[in-house]
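*Asks:* Sharing a structure, written as structure tokens. Questions coming.
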Amino acid sequence: NKGKSENIVQYIIDNIDTVSLNDIARNFAYHPSYMSDLIKKEFGKSFTRIRFEKRMEKAAVLITETELSIYEIALILGYTSSSNFYKDFKTYFKVSPRKYQK
């Protein structure tokens, strides 16, 4: 199951802007509720939490290693508004994206 778990996480990372539990279930040919239970069992976290953490990890890289605007980063990560991204980023890192950038 270790390989499958790694594949699931990689799928989340590769499709971070649009990924949903239904996408993962369809891609791995399982029912969404089975997929949800499997993720929870394997990682001790919900799909939503893992997606959130992976988005924030990628955000940190994009903020420090690119010249992209906060708005552009929010779009890349699948946010429909930069204010939602800003709020999530601040919740996760305890600083604003601008402060993190410095």
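*Asks:* State the three equivalent ellipsoid semi-axes of the chain, derived from the C-alpha gyration tensor as the square roots of 5 times its eigenvalues, in descending order and whole Å.
*Replies:* Working from the Cα gyration tensor, I get semi-axes of 27, 13, 12 Å.
*Asks:* Let me ask something else. Taking the Cα centroid of the stretch 56-102 and of the stretch 22-53, what is the distance between the two, rounded to the nearest whole Å?
*Replies:* Computed from Cα coordinates, the inter-centre distance equals 24 Å.
*Asks:* Another question, if that's okay. Whole-Hz Karplus ³J(HN,Hα) for the stretch 47-61, in order, using 6.51 cos²θ - 1.76 cosθ + 1.60 and θ = phi - 60°, x for Gly and Pro?
*Replies:* 4, 4, 5, 4, 4, 4, 4, 5, 4, 5, 4, 5, 4, 4, 5
*Asks:* Separate question: Taking the Cα centre as origin and putting +1 on Lys and Arg beta-carbons and -1 on Asp and Glu beta-carbons, what dipole magnitude results for the chain, to the nearest 20 debye?
*Replies:* 460
*Asks:* Please give the calculated 222 nm ellipticity per residue for the chain, where each DSSP H segment of at least 4 residues contributes -39500 (n - 2.57) and the sum is spread over every residue; nearest 500 deg cm²/dmol?
*Replies:* Result for the chain: -22500 deg cm²/dmol, rounded to the nearest 500.
*Asks:* At a 1.4 Å probe, what is the % contribution of carbon and sulfur to the accessible area of the stretch 1-84?
*Replies:* Roughly 49 percent of what the probe reaches on the stretch 1-84 is carbon or sulfur.
*Asks:* If you don't mind, there's one more thing I want to ask. Can you flag which of K41/K87; K41/K102; K41/K99; K45/K99; K40/K94 are past 32 Å Cα-Cα?
*Replies:* K41/K102; K41/K99
*Asks:* Keeping every protein chain in place, order S81, S96 by accessible area at 1.4 Å, biggest value first, i.e. largest first.
*Replies:* Of S81, S96, the descending order of accessible area is S81, S96.
*Asks:* Let me ask something additional. What full-extension length gain, to one decimal in nm, is calculated for S5 and K99 as 0.36 nm per residue of separation minus the Cα-Cα distance?
*Replies:* 30.4 nm
*Asks:* Multiply the residue gap between S46 and S81 by 0.36 nm, knock off their C-alpha separation, and tell me the result in nm, one decimal place.
*Replies:* Taking S46 through S81 to full extension adds about 10.3 nm, to one decimal.
*Asks:* Applying the Karplus parametrisation 6.51 cos²θ - 1.76 cosθ + 1.60 with θ = phi - 60° to the phi angles of the stretch 90-100, what ³J(HN,Hα) value in whole Hz is obtained for each residue in order, glycine and proline being reported as x?
*Replies:* Values, residue by residue: 5, 4, 6, 9, 6, 9, 6, x, 4, 5, 4 Hz.
*Asks:* Considering the options Y86, S36, I76, tell which one lies farthest towards the positive end of the dipole of the stretch 21-102, charges being +1 on Lys and Arg and -1 on Asp and Glu at the Cβ, about the Cα centre.
*Replies:* Going by the charge dipole, the pick is Y86.
*Asks:* Sticking with this one: Just the Cα atoms of the stretch 1-44, one point each, no solvent: what log10 I(q)/I(0) does Debye give at q = 0.17, 0.19, 0.32 Å⁻¹?
*Replies:* -0.40, -0.50, -1.33
*Asks:* The stretch 7-102: which chymotrypsin sites (Phe, Trp or Tyr not before Pro) are DSSP loop and have at most 16 other beta-carbon atoms within 10 angstrom?
*Replies:* When the chymotrypsin sites (Phe, Trp or Tyr not before Pro) of the stretch 7-102 are filtered for loop state and at most 16 Cβ neighbours within 10 Å, Y30 remain.
*Asks:* Taking 0.36 nm per intervening residue step and subtracting the Cα-Cα distance, what contour gain separates D14 from T66 on full extension?
*Replies:* 16.9 nm
*Asks:* Taking only protein heavy atoms into account and a 1.4 Å probe, give the accessible area per residue of the chain in Å².
*Replies:* On a per-residue basis, the chain sits at 61 Å².
*Asks:* At a probe radius of 1.4 Å, what is the per-residue accessible area of D14, in Å² to the nearest 10?
*Replies:* So the heavy atoms of D14 present about 100 Å² to solvent.
*Asks:* Quick one: 3J(HN,Hα) in Hz for the stretch 13-24, Karplus 6.51/-1.76/1.60 with θ = phi - 60°, rounded, Gly and Pro as x.
*Replies:* Values, residue by residue: 4, 5, 10, 4, 6, 10, 4, 9, 4, 4, 4, 5 Hz.
*Asks:* Looking at the stretch 1-81, which GluC sites (Glu not before Pro) are in a loop (DSSP not H, G, I, E or B) and have at most 15 other Cβ atoms within 10 Å?
*Replies:* Within the stretch 1-81, the qualifying GluC sites (Glu not before Pro) (loop, at most 15 other Cβ atoms within 10 Å) are E67.
The values are calculated or read from the model by the stated rules, or taken from the named source; none is laboratory data. Since the model is a prediction, treat every value here as computed from it, not as a measurement. Methodologically, a virtual Cβ is constructed for each residue, glycine included, from the backbone with ideal geometry; neighbour enumeration extends over all protein chains shown. These area figures cover heavy atoms from the full protein model, side chains too; ligands, DNA and RNA do not enter into them. Shrake-Rupley method; radii C 1.70, N 1.55, O 1.52, S 1.80 Å.
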